[in-house]
Amino acid sequence: MAVVGMRDGDEGGILEEIDPEEQGHSNQDFWTQACVSLARRSLQHSCTPAILLDRTLKILWTNPAFPASFGGRDTVEGQHLSLYFLESFDEQARNTLYRSVNSAEAGYCWYGRLEKRTQDQLSVIANLVILPLFGDEGQTEPVAFQGIFSDISAEYRQMLKTTYLSLLEAARLKDNDTGNHIERVNRYSRSLAEALLADSEYPEVNAEFVENIGFLAAMNAGTEAATLTV
């Protein structure tokens, strides 16, 4: 039986019939290749980051929008999803992920929030939905998966900024000295963090730390000021 798809190594070429006997694949390999090829073509030009995964959740392919958000396309393919997003998966989360994509009751689907951290860039925070890819109509289990990301980093940081500005305005309603103190703590904390970022002796200080420390220090200063006036 032949199916319409793309042959290996064909990024955006013309669709053609692929015959499993001609390709020398097993039936399972044939359907995996066919599903991945068709899904790859549909996601290639999407502005939304997307990935294709095998049955073990190893990353087979990423579309161009993925490295634009997460970076490192060449280092991604071949890695397992839970290892690439290691910060987001403790043992419990990893077990939940694998149970979901192997469960008919769960629809072989998974939805969750992931975070990707690097030393010199702000963390990327995104929601991910994993959906199954099936072969022929007789197959009851997926042969592969597709993952669609929704980058919410900007919304998350805007929420933090709004919270900080609200705290600042509330403090200034009390008195300007408290409001000015909170603003100074924000600036000083960020300046110190930027200095530590430039020092290789502090690898735990990254771009995300610098971005957040001013807000967190200001929140702490505001809480202390409120406590002292009670």
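Filter the range 131-151 for residues that are in a strand (DSSP E or B) and either more than 12 Å from the chain's Cα centre (by Cα) or small (Gly, Ala, Ser) (or both) and give the result. Break it down into steps so the answer makes sense when it comes.
Initial filter on the range 131-151 (in a strand (DSSP E or B)): 131-133, 144-151.
The answer is Leu131, Pro132, Leu133, Ala144, Phe145, Gln146, Gly147, Ser150.
Just the residues that are out of contact with any strand residue (DSSP E or B) (no Cβ under 7 Å at 6 or more places or on another chain) and either acidic (Asp, Glu) or part of a loop (DSSP other than H, G, I, E, B) (or both), please, taken from the range 57-68.
The answer is Pro64, and nothing else.
Go through the range 196-224 and give me each residue that's outside any helix (DSSP H, G or I) and either modelled with pLDDT under 70 or of a type outside the set (A, V, I, L, M, F, W, C) (or both).
Kept after step one, since they are outside any helix (DSSP H, G or I), are these residues of the range 196-224: 198-206.
Within the range 196-224, Asp199, Ser200, Glu201, Tyr202, Pro203, Glu204, Asn206 qualify.
Just a yes or no: is a residue in the range 119-128 assigned to a helix (DSSP H, G or I), at pLDDT below 85, surrounded by fewer than 17 Cβ atoms within 10 Å (Cβ to Cβ) and over 13 Å from the mean Cα position of the chain (by Cα)?
Step one: of the range 119-128, the residues assigned to a helix (DSSP H, G or I) are none.
The answer is no; no qualifying residue exists.
Scanning for something closer than 29 Å to Leu197 by Cβ and charged (D, E, K, R), does the range 98-112 turn up at least one residue? Working first, answer last.
Our first condition is that a residue be closer than 29 Å to Leu197 by Cβ; within the range 98-112, this holds for none.
Within the range 98-112, none of the residues are closer than 29 Å to Leu197 by Cβ and charged (D, E, K, R).
If you take the residues of the range 162-195 that are surrounded by 15 or more Cβ atoms within 10 Å (Cβ to Cβ) and among the aliphatic types (A, V, I, L, M), which of them is modelled with the highest pLDDT?
Selected residue: Leu192.
Which residues, counting only those in the range 144-169, are out of contact with any strand residue (DSSP E or B) (no Cβ under 7 Å at 6 or more places or on another chain) and not polar (S, T, N, Q)?
Just the residues of the range 144-169 that are out of contact with any strand residue (DSSP E or B) (no Cβ under 7 Å at 6 or more places or on another chain), to begin with: 154-155, 157-169.
Listed by number, the residues that qualify are Ala154, Glu155, Arg157, Met159, Leu160, Lys161, Tyr164, Leu165, Leu167, Leu168, Glu169.
How about the range 69-108: which of its residues are under 13 Å from Leu53 (Cα atoms), in a helix (DSSP H, G or I) and small (Gly, Ala, Ser)?
Within the range 69-108, Ser82 is the sole residue that qualifies.
Somewhere in the range 46-55, is a residue closer than 29 Å to Asp199 by Cα and surrounded by 15 or more Cβ atoms within 10 Å (Cβ to Cβ)?
Within the range 46-55, the first condition is being closer than 29 Å to Asp199 by Cα, and the residues that meet it are none.
For the range 46-55, residues closer than 29 Å to Asp199 by Cα and surrounded by 15 or more Cβ atoms within 10 Å (Cβ to Cβ): absent.
The values are calculated or read from the model by the stated rules, or taken from the named source; none is laboratory data. Nothing here was measured: the structure is a model prediction, and the numbers come from that model. Don't worry about glycine lacking a Cβ; one is built from the backbone with ideal geometry, like all the others, and counts go over all protein chains shown.
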